[in-house]
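These notes are about the structure you will find just below.
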Ligand code: SAM
Ligand code: SF4
């Protein structure tokens, strides 16, 4: 088991498959992109599968989420999913994606064993989409979402980040859009994880502001908190339910005390927190022929050293060197 010194157990593994992306969301990446990780440093599909198998069969991981960068850009994704789906006990397998290409890939990925998908969608306006992501791809994202739903990847969840003065007036419209299609919408507070270090607390649209905007159109009542468990989203019943909307107040309503996550980057570094400043290198020992016992011990030590919280609200907080796109959100 992966237990830290505060008694939390990591059971949810986030695997970043690439740091590359076909969008340039302003809260994540600069317009010019980044210096991508050199290919030889990326874990191969076989290396990825070995580490995930170790985590699932020996370390108590019960859920695996693929992310990035944009995970659909990784050619081997269906094969990796197929191998992970064959593990026993079989973990739940999910994907966080910007949705571009999902229209075509949803079927093959589901056939390979993918259970669920989260698609990021911050706006319903093609113009605002270009402003936010610096690419004209809204139609592809919407097609991807529809493709996921048609394929039966249920529930389809939608992640939205609101940016002040850009898309912050769209909260009710996004909720209406998702309710009409049976997608589960969650708003995420913008976090200080962009490569260009442009996050400003006073610019962030807070969970309170998001809820106020939604309440102008909908009646929101808190869902049973007992059902939340370690989920980061606070859920609200919309107009009495059963539909819900989630708000992930990572900054103003931190949920670190219930965190059950651990992260593996595309270049084989383990992180015990999105905001960790230290990483544990698994790639070097893996390539040097380390045994499963040695790799498992490293993994356990990494999780054991997890800090109690992300520290964003403390004086002296330092943003991690690695940006969100290279950590895996
Ligand atoms: N490219 C995929 C996508 O956009 O869904 C997967 C990776 S992306 C880093 C994962 C999630 O992180 C997305 O929902 C995105 O909106 C969110 N995200 C990125 N940067 C963020 C930030 N600075 N604060 C909050 N959420 C962020
Ligand atoms: Fe790409 Fe996702 Fe970052 Fe947007 S949030 S730039 S889609 S990795």
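Against the main long axis of the alpha-carbon atoms of the chain, helix 292-304 sits at an angle near 40°.
For region 233-322, the spherically averaged projection of the C-alpha convex hull amounts to 8.1 nm². Any chance you could give the angle, 0 to 90 degrees and rounded to 10, that helix 102-112 forms with the longest Cα principal axis of the chain? The angle comes out near 40 degrees. The mean sequence distance of close C-alpha pairs (under 8 Å, at least 6 residues apart), as a share of the length of the chain, puts its relative contact order at 22 percent. Plainly put, the chain has a radius of gyration that is 0.94 times its Kirkwood radius, both from alpha-carbon atoms, as the Rg/Rh ratio. Summarising the label geometry, the points placed 7 Å from Cα in the beta-carbon direction at residue 292 and residue 173 lie 5.3 nm from one another. Eigenvalues of the alpha-carbon gyration tensor of region 158-282, scaled by 5 and square-rooted, set the equivalent ellipsoid semi-axes at 28, 18, 13 angstrom, largest first. Highest mean first, the peptides 235-248, 277-290, 178-191, 63-76 sorted by other C-beta atoms within 10 Å per residue fall in the order 63-76, 178-191, 235-248, 277-290.
So what's the angle, to the nearest 10 degrees on a 0 to 90 scale, between helix 138-151 and the longest Cα principal axis of the chain? The angle comes out at about 70 degrees. Exposure proxy ranking for 252, 96, based on other Cβ atoms within 10 angstrom of each Cβ and starting from the fewest, stands as 252, 96.
For region 220-264, the convex hull spanned by the alpha carbon atoms encloses 87 Å³ per residue.
Expressed per residue, the C-alpha convex hull volume of region 63-220 stands at 129 Å³.
Of all beta bridges that DSSP places with both ends in region 2-327, some 30 percent have antiparallel geometry.
The equivalent ellipsoid of region 119-208 has semi-axes of 23, 15, 12 Å, largest first, where each one is the square root of 5 times an eigenvalue of the Cα gyration tensor.
From helices alone, the chain scores -8500 deg cm²/dmol at 222 nm; the rule is -39500 (n - 2.57) for each run of n ≥ 4 DSSP H residues, then divide by the residue total. Computed on the Cα atoms alone, the convex hull of region 278-322 gives a volume of 72 cubic angstrom per residue. Shape class for region 11-59, computed from the alpha carbon gyration tensor (a ≥ b ≥ c): oblate, with a/c not under 1.5 and a/b at or below b/c. Note on region 185-262: antiparallel DSSP beta bridges, both residues inside, total approximately 65 percent of the bridges counted.
None of the figures in this text is laboratory data; all of them are computed from the coordinates on show. The structure presented is a predicted model; accordingly, all values stated were derived computationally and were not measured. Glycine also receives a Cβ, built like all others from the backbone with ideal geometry; neighbour counts cover every protein chain displayed.
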